[in-house]
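The values are calculated or read from the model by the stated rules, or taken from the named source; none is laboratory data. It should be emphasised that the depicted structure is a prediction, and the values quoted were computed from it without experimental measurement. Heads up, the Cβs are rebuilt from the backbone with ideal geometry, glycines too, and the neighbour counts pull from every protein chain shown.
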Amino acid sequence: MEGVGKNQRKKMRLRLKKEREQEREEEFLASSSDSVSAISEEDLEELMNRIKEDPYLKPIVEEIEIGGPIVMMMYLNNPEVLLKLGKAMGFVDSDGEYKVAAVADYIEDKEPPHLWC
């Protein structure tokens, strides 16, 4: 009889843990989409132009433009490239920490993100 109670408690803990993880993910996605949806096409174009000025990222962006989604996925699976893109776009600070509101901050301040990683 005790085994049934332990099993039920274990299942309940796992379910609660899964629910908490899902809530955190939903909160993160909501805050991320608010920031990203606030950027205009002109601001996005300006950010892309700044990325193309970065000596490390320029050849990568050119290769992605030529090779399409397959090449893009290859680079997005590279942690070093992803970190440098995040820094150039203003999504990652100099310590490598992700900043959710970076795009909204950029739009408000109109200051370019630091490109030279």
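Here Leu44, Leu57 are screened, and the one residue that is at pLDDT 85 or above, surrounded by 10 or more Cβ atoms within 10 Å (Cβ to Cβ) and of a type outside the set (D, E, K, R) is Leu57.
With respect to being modelled with pLDDT of 80 or more and not aliphatic (A, V, I, L, M), Glu27 falls outside the description. Looking only at region 80-102, decide whether some residue is outside any loop (DSSP other than H, G, I, E, B), modelled with pLDDT under 60 and at negative phi. Yes, the conditions are met somewhere in region 80-102.
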